[in-house]
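Only one structure is covered here, and it is reproduced in the block below.
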Amino acid sequence: MTAPGSATGSPEGRPGGVEDVDAVVVGAGLAGLYALYRLRQLGLRTVVLEAGGGVGGTWYWNRYPGARCDVESYDYSYSFSAELQQEWVWTERFPAQGEVLAYVNHVADRFDLRRDVRLHTRVVQAAFDDDTARWTVTTAAGDRMTARYCVMATGCLSIPKDPDIPGLDSYEGNLYQTARWPHDDPDFTGQRVACIGTGSSGIQCIPMLARQAGHLHVFQRTPNFSVPAQNRPLDAAGDRAMKARYPEHRRAARSSYAGVVIATTGRSAFEVSPEERRREYEARWQRGGVQFLGAYTDIRTDTAANDTAAEFVRDRIRETVSDPEVAARLLPWDYPIGTKRLCVDTGYFDTYNRPNVTLVDLRETPIERITPDGIRTTAADHRFDSIVLATGFDAMTGALLRADIRGRGGRALADEWADGPRVYLGLAINGFPNLFTVTGPGSPSVLANMVLAIEQHVEWIADCIRYLEEGGFRTIEATDQAQDDWARHVAEVAELSLFPKTDSWYVGTNVPGKPRTFMPYLGGFDTYSRRCTEVAAGGYAGFVLEKA
Ligand code: FAD
Ligand code: NAP
């Protein structure tokens, strides 16, 4: 017999090969797997469709050397199962990609999720039928499936940005992309290697590539702020202590601004003397990680306060990098610290002291093109055995727009979002009934601990679906007004900060032609979660519910 809500065993096939289920979830990362778990509990026949060859999403695809989490392992993990949380043993403060992937695979097995996950299955279209109020989901192989509910768990950072560098196709050496890293662990020993890009991915893999390569050239367009991880192994005593207080730790995280408790002084940077400020920054630098930015309340809102933190990091770069000219090129100057995602590294700036590493500053000598045997800048022709692209993602909207989502009357999401995404609470879109986005634009999402943000969204979605099922409702749809009001609120909150003016993937400027919109919600995970709860408690204010 098939377990309640399982889609395996007896697919309800129809002539023409169309399969009917209750819910389709697109994506088998942390979000998709948890959505499957929750929707199954409601007794819904649920299928997860995943383009990749395994579960894990981000952690399945990004297996480049040095890939590592920058949220601590005890926080970057599901909280929904006390047993799971007690039994899993993390080995490092910041887990490496392989450990997170092993964890996700453990979850998939422990909760028997795999039987409803279809791998190697890319969704190319999801279309709503006004008459039947069902979604028809079409895969790249041409298979079709219908469902009452469609949950887009497609990820905020799952579509690598098209590398917009002329001549890339002509390159005859080995070409790698951090976000599509091969499974066979390429060996760079003795090779001439190039890495293009110095965001979080580049900053993590550059030190590892430098250790292997004969010579590594780093092609940097914008210098980035980075703080040390100060990663360390975890021990059994610490593990026991943490697990003893896990419930209260999670409660505190759930009512925190970032979905993870960030200790703050609660003061402005200018309420204290320069000496005290320096001590505070130094202590945070020694502790490691993104908590560095929690030092003062105005770092993300006041340019002068921000500059005290930025200058501290620039001083560390000057101190670390022995060649002053190289150090000068590595200094980030033209945007406030933290308004692009702060990078967390292990030995990044030190890497430039190695004799086998050369920094190429693309602001001085831009890339003209990729040639069959390397990279041509305005100053030189470089020959490489391998080129690594760490050039980032079409973030937040990329996966949703690639899937050709069509709502009422065939309205295309791509048209609706021509001027930027509009999503009520980052969860639902006017004109697209019964479709939910997980950590979509307009939610705290990438500004929070993503696992908690995912859990909060999936739980809200599952509760909403239960409400619809129990109340005999056919559809739920965000109103245009509620969506507009929310978009305005998201923009207003962002304007109170230093974020929107910085070019970054948060505003979409990394992808040519993408409309400039600050996409995540900066109002805080705690405030946001309360708002979602209130909306549900108020009978889904801002939504129209249609009776069956
Ligand atoms: P994903 O993990 O991206 O999974 C989405 C899945 O959907 C993918 O497997 C994709 O193949 C699939 N998919 C997309 N479109 C389709 C389609 N049309 N058809 C079928 N399948 C599709 N966040 C943190 O909070 N802390 C961190 O330290 C952190 N580190 C990161 C490191 C890297 C290298 C990257 C890229 C991101 C990191 N993130 C981090 C963000 C990370 O994406 C989230 O934490 C989390 O893993 C997202 O899970 P998800 O399930 O929402 O999306
Ligand atoms: P990213 O932050 O967007 O960085 C991309 C880099 O590539 C930038 O340095 C960019 O330069 C450069 N680049 C892009 N196109 C280029 C071109 N045509 N020529 C030269 N340089 C080019 O992407 P990412 O590093 O993959 O990180 C994305 C996000 O994923 C992070 O912000 C973070 O949220 C997440 N992530 C987290 C971790 C972690 O530590 N846990 C690790 C990896 C990723 P410009 O800045 O000049 O555009």
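All of the numbers you see were taken from the coordinates with simple rules; none came from a lab. This is a predicted model, so every value here is computed, not measured. Please note: Cβ atoms are built from the backbone with ideal geometry, for glycine as well, and neighbour counts cover all protein chains shown.
Ignoring GluC sites (Glu not before Pro) that are buried or in helix or strand per DSSP, and keeping those with at most 16 other beta carbon atoms within 10 Å, what is the longest stretch of the chain between them? In short, 173-363. If you wrap the chain in the convex hull of its Cα atoms and look at it from every side, the mean projected area works out to 25.9 nm². Computed per residue of the chain from DSSP H runs no shorter than four, each worth -39500 (n - 2.57), the mean residue ellipticity at 222 nm is -9000 deg cm²/dmol. For the chain, the number of Lys pairs with C-alpha atoms closer than 20 Å, counting only pairs eight or more positions apart or on separate chains, is 5. Put the Cα centre of the stretch 303-344 next to the Cα centre of the stretch 494-548 and the gap is 29 Å.
Report D for the stretch 93-201 in µm² per second (integer): Stokes-Einstein, Kirkwood Rh on Cα pairs, 10 °C, 1.306 mPa s. Result for D is 86 µm²/s. Within the stretch 52-152, the trypsin sites (Lys or Arg not before Pro) that combine a DSSP coil assignment with at most 15 other C-beta atoms in a 10 angstrom radius are ARG122. Beta bridges assigned by DSSP with both partners in the chain are antiparallel in approximately 45 percent of cases. Set against the 2.2 N^0.38 Å expectation for a compact globular protein, the stretch 163-229 has a Cα radius of gyration ratio of 1.16.
The share of C-alpha pairs in the stretch 476-548 whose separation exceeds 21 Å stands at 39 percent. Over the stretch 494-535, what relative contact order in percent results from Cα pairs under 8 Å that are six or more residues apart? The normalised contact order for the stretch 494-535 reaches 28 percent. Among the DSSP helices (H) of the chain, those spanning at least 24 angstrom by Cα along their long axis with an average Kyte-Doolittle hydropathy of 0.0 or more are 450-471; this is a geometric and hydropathy rule only.
Specify whether the C-alpha gyration tensor of the stretch 188-285 places it in the rounded, prolate or oblate class, a ≥ b ≥ c being the square roots of the eigenvalues: rounded for a/c under 1.5, otherwise prolate if a/b is larger than b/c and oblate if not. It comes out oblate by the Cα gyration axes. Once you divide the Cα radius of gyration of the stretch 252-340 by 2.2 N^0.38 Å, the number left is 1.15.
Shape class of the stretch 383-517 from the alpha-carbon gyration tensor: prolate, with a/c at 1.5 or above and a/b greater than b/c.
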